[in-house]
Amino acid sequence: MDPILTYRGRVVNAADAAFIRTLIAGNPAASRRALSTKLCAAWGWVQANGAPRDMVCRGLMLALHRAGHIELPAVKKRPPNPLALRARPAAIAVEQSPICTVLCELGPLTLRQVRRTPQERLFNALMEAHHYLGYTQPVGEHLKYIVYKDEGTDERPVACVAWSSAPRHLGPRDRYIGWSAPARRANIRFVAYNTRFLILPWVTVPHLASHILGRMARVLSADWERVYGHPVYYLETFIDPRRFAGTCYRAANWVELGPTTGRGHNDRTGLRTQPVKLVMGYPLTRRFREVLSCVA
């Protein structure tokens with residue numbers, strides 16, 4: 001049966017639309033949110049960690065509604081957008097005496113995943129105060145790390161690293177992996193995007209950044225699987241060449257893949273609206289092309 005709509009990799013045909021219309025008719029008092037929950041259950045549409053794909057399902061149903069394939073019930077209430085109303089992270093005082101040494105004398109470092117822990121507030125505060133882009137609340141799958149320096153009975157933060165779900169379309173990355181469009185849709189969740197990397201401004205330790213990147217590559221996939229139920233096989237990031245040369249990534253054996261188009265992830269015009277960034281990538285397994293190109 002021919003598809004009538006494709007949304008976030010889900011192909012919907014006329015029979016699917018008929019099923020949704022029957023679901024709506026059978027639950028006349030249900031809200032849009034309740035209907036999306038029922039549809040996720042009926043389709044077995046879940047994330048890798050077993051949670052329903054509720055938000056994506058609501059978007060799919062809205063797209064079908066707007067295209068005239070189904071008729072959703074009227075919106076009952078419009079809750080405030082928590083991202084739009086989110087307060088900026090409050091400042092948290094930390095020890096800022098200079099750390100100026102060489103890597104071999106810095107002492108033990110601990111990479112601690114702090115998302116959904118009490119230390120997440122400190123991560124947010126440090127990013128807001130000291131990263132040139134400030135703190136932005138991620139959406140989708142993401143992890144946050146604070147790198148601590150062990151000082152005997154105490155520890156001090158020296159760096160923060162943030163990772164999130166990868167952009168769905170990224171030309172240099174897609175050409176480098178060589179995957180098909182169906183494989184990309186199926187396997188994009190196995191790619192993690194380094195959204196923020198901050199060495200705190202009072203820390204001056206040559207080669208620390210590349211050392212942290214090397215350590216991250218050894219722990220990130222297992223941490224991702226613990227939180228989200230699946231590993232990651234490939235890492236990527238953007239470098240703004242107007243500000244940075246990507247030296248620490250190159251020193252950690254990341255590969256330069258090429259420039260972005262500058263059109264942004266919500267491109268509707270085909271025109272350059274964003275600064276051109278340099279894409280860099282790092283495979284976590286030698287079999288990354290085979291794994292990421294597989295379509296079940």
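Within segment 104-115, if we keep just the residues that are over 30 Å from the mean Cα position of the chain (by Cα) and within 26 Å of Leu143 (Cα to Cα), the residue that is modelled with the highest pLDDT turns out to be Leu106. Across segment 116-130, the qualifying residues are those that are within 18 Å of the chain's Cα centre (by Cα) and surrounded by 17 or more Cβ atoms within 10 Å (Cβ to Cβ), and the one among them that is nearest to Phe197 (Cα to Cα) is Met127. For Ala29, the requirement of being part of a loop (DSSP other than H, G, I, E, B), exposed (fewer than 15 other Cβ atoms within 10 Å of the Cβ) and of a type in the set (A, V, I, L, M, F, W, C) is met. If the condition is being surrounded by fewer than 18 Cβ atoms within 10 Å (Cβ to Cβ) and part of a loop (DSSP other than H, G, I, E, B), then segment 167-207 contributes Pro167, Arg168, His169, Gly178, Ser180, Pro201, Trp202, Pro206, His207. Taking every residue in segment 24-51 that is over 27 Å from Arg226 (Cα atoms) and pairing it with any residue that is loosely packed, with under 13 Cβ neighbours inside 10 Å, at least 6 positions away or on another chain, the pairs with Cβ-Cβ distances below 6 Å are Ser31/Lys76. Mind checking whether some residue in segment 265-276 is in contact (Cβ under 8 Å) with a residue 40 or more places away in the chain and not in a strand (DSSP E or B)? Looking for residues that are in contact (Cβ under 8 Å) with a residue 40 or more places away in the chain and not in a strand (DSSP E or B), one finds at least one in segment 265-276, hence yes.
Need a quick list: strands (runs of 3 or more DSSP E) entirely within segment 94-166 having at least 3 residues that are over 26 Å from Tyr234 (Cβ atoms) and in contact (Cβ under 8 Å) with a residue 12 or more places away in the chain. Can you show your working first?
Working: elements: 109-113, 142-151, 154-165.
Correct list: 142-151, 154-165.
The residues on offer are Arg185, Arg175, and the sole one that is of a type in the set (D, E, K, R), modelled with pLDDT of 95 or more and more than 27 Å from Cys100 (Cα to Cα) is Arg175. Being over 19 Å from the mean Cα position of the chain (by Cα), aromatic (Phe, Trp, Tyr) and under 20 Å from Met280 (Cα atoms) is the filter here, so list the residues in segment 147-187 that pass it. Matches in segment 147-187: Tyr176, Trp179. Candidates are the residues of segment 61-87 that are of a type in the set (D, E, K, R) and at pLDDT below 90; the one that is nearest to Ala17 (Cα to Cα) is Lys76. Scan segment 15-52 residue by residue and report those that are touching a strand residue (DSSP E or B) at 6+ places or on another chain (Cβ under 9 Å) and modelled with pLDDT under 90. Once the filter is applied, which keeps residues that are touching a strand residue (DSSP E or B) at 6+ places or on another chain (Cβ under 9 Å) and modelled with pLDDT under 90, segment 15-52 yields Trp45, Val46, Pro52. Close contacts from segment 222-238, counting a first residue that is more than 19 Å from Arg173 (Cα to Cα) and a second that is of a type in the set (Ser, Thr, Tyr), with Cβ to Cβ under 9 Å and a gap of 6+ residues or different chains, come to Asp223/Tyr145. Look at (1) within 18 Å of the chain's Cα centre (by Cα); (2) modelled with pLDDT of 95 or more; (3) of a type outside the set (Phe, Trp, Tyr) and you find that Ala209 fails only one, number (1). For Met55, the conditions (1) of a type outside the set (Phe, Trp, Tyr); (2) modelled with pLDDT under 90; (3) over 18 Å from Arg78 (Cα atoms); (4) in a helix (DSSP H, G or I) all hold with the exception of (3).
Inspection of segment 75-85 finds a residue satisfying the criterion of being exposed (fewer than 11 other Cβ atoms within 10 Å of the Cβ), within 25 Å of Glu141 (Cβ to Cβ) and touching a residue at least 24 places away in the same chain (Cβ under 8 Å).
The values are calculated or read from the model by the stated rules, or taken from the named source; none is laboratory data. Note that the coordinates shown come from a computational prediction; the quantities given were computed from them, not determined experimentally. For neighbour counting, all protein chains shown are included, and Cβ atoms are generated from backbone atoms with ideal geometry for every residue, glycine included.
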